[in-house]
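Here's the structure we're looking at; comments come further down.
The values are calculated or read from the model by the stated rules, or taken from the named source; none is laboratory data. Computed from a predicted model, the values in this text were never measured in an experiment. Cβ coordinates were reconstructed from backbone atoms using ideal geometry, including for glycine residues, and neighbour counts include every protein chain displayed.
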Amino acid sequence: MTRYAFSVNAELCIGCSSCGMACKNQYNLDPGMVWRKLYPLSEEIYPHKDRAFYSLACNHCSQPACLEGCPVGAYTQREDGIVVHNEDVCIGCRNCLRNCPFGAPRYNEEEGHVEKCSMCWQRIDEGLLPACVQACPTNALTLVDLDVDDVSSTVQYPPGFPYRPDLEPSTRFVLPVAPKIVRRDV
Amino acid sequence: MDTLLELPLILFTLLTQLAVGLAVFAALRQWVTVEGPSTRTRNEWIAILALIGVGVIAAFFHLGKPLGAIRMLANLGTAWLSREILTFAIFGALAAISLYMVYTKAPNGRLLKLTALVGLLAVFTTGMAYTGKALDAINNLLPLVFFMLTVFTLGPAVAAYFVEEKAHALLTSILFPTLLASLVVRFVVPFIWLSGNAVMNATGQNFLASPLHWLHLAALLAGLFFVRSGKNIPAWLPIVLLVGELLGRIAFFVLVVNSGANLGGVY
């Protein structure tokens, strides 16, 4: 079996937003629409402002709340765990926005439907990496197979990320290393 | 959430819950006093149907693609929103049959009771549909409690327009304890949210800082002052309570913080 997931290494991430830009370019997203976004960790979690980030999109949960709550069945889950949203079926009721604690589905007011990350399943099926993963210059964002790859040194619910074991989000995280602060006496 | 964006759902939930409240008290009066056919009863059922109709039309404006609304019954297996649409459709049909019966012959007690029960079931499904997993503060039974309190506040209050004065005692016997319960619950809940996680705390702070919340409580308090057992419900009071519930409903839709808004922050 295969169970695809994003792995976010916050120690390697330099906050360049290449992942989000690659996503926008791949799908030619409308202005204002973002499927992947960079979230800086607050200073309560990491002591240096704007120095540690989580690059987040859909977490392709094992128990997706979006899929469960969608009244028109616009969401489906593939055998490899990828949660796919069909914009043609979606009627824009925005119930998934109320149900996803990770803020992944976005409402496109112009088009009247919701959109979200598809993990570039078409690219994966062709043996390619998702656009965001391919664009990451530091390898902070990678694609892993939870059934094959060793993810024992990663965490599923880091600080700054909602704790929702009932949904089982697939994304795994490597936490940023706390900086050693060296002060020079004046 | 944007108030304008949520206005259709604010109207849908409020108007349909008022319709259910009226249906419940119409059935209750029929059960307790056995009312015969009258113009007032007919007007009440016309009002119930009109409220459902306006509410449903309003709900269409919430959809990005209103023409796809029929597909909302596609996921009855897991989606409370699908179940909500189905139960409200049945409630609307039963209300239409009740109106026909009230017009042509004496009201049928069993039919009115069935209509009221299906209406309450529909409000139950609405309550479950709004327990959004992204909305920590209301990802529980609170939406159901809030909505039922609205049903049992607006139902007897607005029914006062459609009953003879001697029936006001029955209405006030339900309205007074409901107003008291609603005031206590709605006053206490935001303070409980303050002791929750960061998202719930932010929701609690939003409510406590919002005039919408306090005006809602003021309307309930006014109700408690002027609803007295054995006395008539003043004609202006249902309007005050309706405006209060509207403000409270706007607060419910606009002030509850989405968990996704805090990504990267402490939860």
request  = Please verify whether segment B:67-85 includes one or more residues that are out of contact with any helix residue (DSSP H, G or I) (no Cβ under 7 Å at 6 or more places or on another chain), within 14 Å of another protein chain (Cβ to nearest Cβ), buried (at least 17 other Cβ atoms within 10 Å of the Cβ) and not acidic (D, E).
outcome  = yes
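So that you can scan it fast, the table gives a plain yes or no per residue for (1) of a type in the set (K, R); (2) surrounded by fewer than 19 Cβ atoms within 10 Å (Cβ to Cβ); (3) in a loop (DSSP other than H, G, I, E, B):
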| residue | (1), (2), (3) |
| --- | --- |
| A:T2 | no, yes, yes |
| A:S7 | no, no, no |
| A:E11 | no, yes, yes |
| A:C19 | no, no, no |
| A:A22 | no, no, no |
| A:W35 | no, no, yes |
| A:S42 | no, yes, yes |
task = Look at segment B:51-68 and say how many of its residues are within 22 Å of the chain's Cα centre (by Cα) and closer than 22 Å to A:C66 by Cβ.
result = 3
inquiry  = Can you tell me how many residues within segment B:229-267 are without any contact (Cβ under 8 Å) to a residue 24 or more places away in the chain, at positive phi and more than 14 Å from every other protein chain (Cβ to nearest Cβ)?
reply    = 0
message = Looking at the structure I just gave you, is A:V144 under 14 Å from the mean Cα position of the chain (by Cα), closer than 20 Å to A:K37 by Cβ and surrounded by 18 or more Cβ atoms within 10 Å (Cβ to Cβ)?
response = no
query = Do we have any residue at all in segment B:212-233 that's modelled with pLDDT of 95 or more, under 30 Å from A:P47 (Cβ atoms) and not β-branched (V, I, T)?
reply = no
query = Can you spot a residue in segment B:86-93 that is under 19 Å from A:I91 (Cα atoms), in contact with a helix residue (DSSP H, G or I) (Cβ under 7 Å, 6 or more places away or on another chain) and facing another protein chain (nearest Cβ under 7 Å)?
reply = no
query = For segment A:80-100, how many residues are touching a Ser or Thr at 6+ places or on another chain (Cβ under 9 Å) and more than 9 Å from every other protein chain (Cβ to nearest Cβ)?
reply = 7
query = Are any of the residues in segment A:68-79 facing chain B (nearest Cβ under 10 Å), part of a strand (DSSP E or B) and under 21 Å from A:L175 (Cβ atoms)?
reply = no
task = Give segment A:44-56 a look and list any residue that's among the small types (G, A, S) and either away from every other protein chain (no Cβ under 11 Å) or not in a loop (DSSP other than H, G, I, E, B) (or both), or say none.
result = A:S55
task = For residues that are of a type in the set (S, T, N, Q), touching a residue at least 40 places away in the same chain (Cβ under 8 Å) and under 30 Å from B:I85 (Cα atoms), scanning just segment A:44-79, find the one that is surrounded by the fewest Cβ atoms within 10 Å (Cβ to Cβ).
result = A:Q63
inquiry  = Take residues that are in contact with a helix residue (DSSP H, G or I) (Cβ under 6 Å, 6 or more places away or on another chain) and tell me which of the helices (runs of 4 or more DSSP H) falling wholly in segment A:85-186 contain 1 or more.
reply    = A:95-99, A:131-135
